[in-house]
Structures are given as structure tokens and as C-alpha cells.
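First the structure, in the form of C-alpha cells, and then the observations on it.
The values are calculated or read from the model by the stated rules, or taken from the named source; none is laboratory data. Here the structure is a predicted model, which is why all the values come from computation and not from measurement. Reconstructed Cβ throughout: ideal geometry from the backbone, glycine too, with neighbour counts over all protein chains shown. Note: accessible area is taken over every heavy atom of the protein model, side chains too, but ligands, DNA and RNA are not part of it. Shrake-Rupley method; radii C 1.70, N 1.55, O 1.52, S 1.80 Å.
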Amino acid sequence: MLEKINGVIIKTHDYSETHKIITIFSKKIGKFTALARGAKKPKSRMAALTQPFIYGEFFVYISKGLSTLQQGDVVNSFRAIREDIIKTAYAAYIAELTDKLLDTGSPEYYLYEQFYKTLDWISENEDLDIPVIMYELKLYKKAGFAPFVDYCVNCREDNRPYSFSVQEGGLLCDKCKSSTDPYAVRLPDGVAKLLYMLVHVGIEQVGNIAVKRENKELLRKLLDSYYDRYGGYYLKSRKVLNQLHLLK
Ligand SMILES: [Zn+2]
């Protein structure tokens, strides 16, 4: 059945001398892969349409086996991302995470909307860490392993101050910290509340959130160890992103 599907290309890889397999995150049917014939011929229309982060209108022959991309139009090429090494690294990171953590074949309207808006944010802005963390946390939630940041994950009471425990999967009060995970990392004032917001509100609220540089770095570090424990899949794009951070 031939379908018109709007979506963003989150992964491409070569398939034979001339074809490519592309993975698209779409609003209509969620994540799917399709064969793009002739996409490796450098000057073909198909080559232009099948670049990473292209938002397009795709005509796809959907089948139970491998679907086939017939044709399509580029709606937004996110040129600003493509032309900037830092933006490319951030976009590649959310695309790879999405590819690794999301199952194929079912629509995810909220997540798709958050993904698209995050990509748009990356394209238009310079401050990228917090929006990316927000999207990441939405994805962890969908994948079933978001950290618990509403109150203490152990006693379920609201006892500040909090530490963050990778092992226990969320916030710990001081009492529970000493009994369950003494290595939990103490969060500076306001960071527990910030985490709560990042988990629960969408990218459209990001304009209201100002975060100190050292807190951004702390959150990044905590989320990296958290992902290593629960996410599992190796992320090539994270390595690139961390190398760029070291250069800053
Ligand atoms: Zn507790």
C-alpha cells in the first residue's frame, strides 16, 4: 500500500552499491525503515532526499517485509544543523538515541512532537544541553526506565535535600542514602526540582528554564551514568559529543 508519510530521517546506511536503507521517525506510523533505491547515486534526487535529519514528505510503499521509499519532497533540510559540527553532533545524538530506544511500528505522537521541536530548537539556538536532556528523559520514560524524581525513590517521602542515585534509579533522601546507596551524588539546591521539571514538562517550556553551567555539567554526567546502567546500547554519537565538549 502506498502511503504519504511525513517524518525525519534518523538513520541511513548503505545497502549494496547503489541503494540505502533509511530509518524515519514519523508522526503517522512511528519509527520505520525503508529501502531507498538509487540513493547512493551522488546527484540523484533520491540522494538529496535521504540525508540524515531531512524532514520530508515521503511516499512509501509499506509492506510486511522491507518497505520501499518511492519518492518524496524535502520539506525542511535543517541546513543550519548540517552546516554546524556542534549542532550536527547534538542532532545525531537524539537521532541515535531514538533509533536505539524506540520500537518500530507504532505511532508516538507526543514523543514525535518533542523530537521535532528539539531538532528545530537545535537548528535555531545555541544553548543545546537542556533541551537535549529534556528530550532524552521523555525517551527514557517511553522506554520504561526514566529516573524517579518526584520524591525519595526509597521511602516515597518528600525529604530534602536529595542525592541522585543511579543504582536506585532516582532521588534519595539523606536517611535512605546512608542505608541504600552512600555513593549517591548530592544535588545542589534547586537541582532536584529542576530534574522534576525536565522529566515532566515539554520542550515548549524550555525558554522558562535557566540553568547554571556547573549544574548542566552535573546533570549530563549523571544522565550518562544512568543511561550506561539502564539504556544498554552503545552510542557512537555520545562519544563524539563528549569529545566536542572537551574541546570547548
Ligand atoms: Zn527516603
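Checking each residue in the range 22-53 for being more than 19 Å from the chain's Cα centre (by Cα), open to solvent by less than 20 Å² (accessible area, probe 1.4 Å) and closer than 23 Å to Gly105 by Cα picks out Ala34, Leu35, Ala36, Leu49, Thr50. Assessment of the range 103-124 against the conditions (outside any helix (DSSP H, G or I), among the acidic types (Asp, Glu) and closer than 27 Å to Ala210 by Cβ) yields no matching residue. For the range 1-21, which positions are within 24 Å of the chain's Cα centre (by Cα) and either open to solvent by less than 40 Å² (accessible area, probe 1.4 Å) or of a type in the set (Lys, Arg) (or both)? Within the range 1-21, Ile5, Gly7, Val8, Ile9, Ile10, Lys11, Lys20, Ile21 qualify. Scoring Arg213 on the criteria (1) out of contact with any strand residue (DSSP E or B) (no Cβ under 6 Å at 6 or more places or on another chain); (2) without any contact (Cβ under 8 Å) to a residue 40 or more places away in the chain; (3) within 16 Å of the ligand (Cβ to nearest atom) leaves a single failure, condition (3).
Every residue in the range 218-234 that is closer than 17 Å to Leu102 by Cα, under 14 Å from the mean Cα position of the chain (by Cα) and in a helix (DSSP H, G or I), please. The one that is closer than 17 Å to Leu102 by Cα, under 14 Å from the mean Cα position of the chain (by Cα) and in a helix (DSSP H, G or I): Tyr227.
It is to be established whether one or more residues within the range 183-199 are away from the ligand (no atom under 15 Å from the Cβ), part of a loop (DSSP other than H, G, I, E, B), more than 23 Å from Ile85 (Cα to Cα) and touching a residue at least 60 places away in the same chain (Cβ under 8 Å).
Checking the range 183-199: not a single residue is away from the ligand (no atom under 15 Å from the Cβ), part of a loop (DSSP other than H, G, I, E, B), more than 23 Å from Ile85 (Cα to Cα) and touching a residue at least 60 places away in the same chain (Cβ under 8 Å).
Quick check: is even one residue across the range 111-130 out of contact with any helix residue (DSSP H, G or I) (no Cβ under 6 Å at 6 or more places or on another chain), at pLDDT 95 or above, within 16 Å of the ligand (Cβ to nearest atom) and not β-branched (Val, Ile, Thr)? No, the conditions are met nowhere in the range 111-130. Restricting to the range 133-163, what's the tally of residues that are part of a loop (DSSP other than H, G, I, E, B) and more than 11 Å from the ligand (Cβ to nearest atom)? The number of residues fulfilling the criteria is 7.
Would you say Lys100 is more than 23 Å from Met197 (Cβ to Cβ), open to solvent by less than 30 Å² (accessible area, probe 1.4 Å) and either hydrophobic (A, V, I, L, M, F, W, C) or more than 16 Å from the ligand (Cβ to nearest atom) (or both)? Reasoning before the result, please.
Details: more than 23 Å from Met197 (Cβ to Cβ): yes; open to solvent by less than 30 Å² (accessible area, probe 1.4 Å): no; either hydrophobic (A, V, I, L, M, F, W, C) or more than 16 Å from the ligand (Cβ to nearest atom) (or both): yes.
Criteria not met by Lys100.
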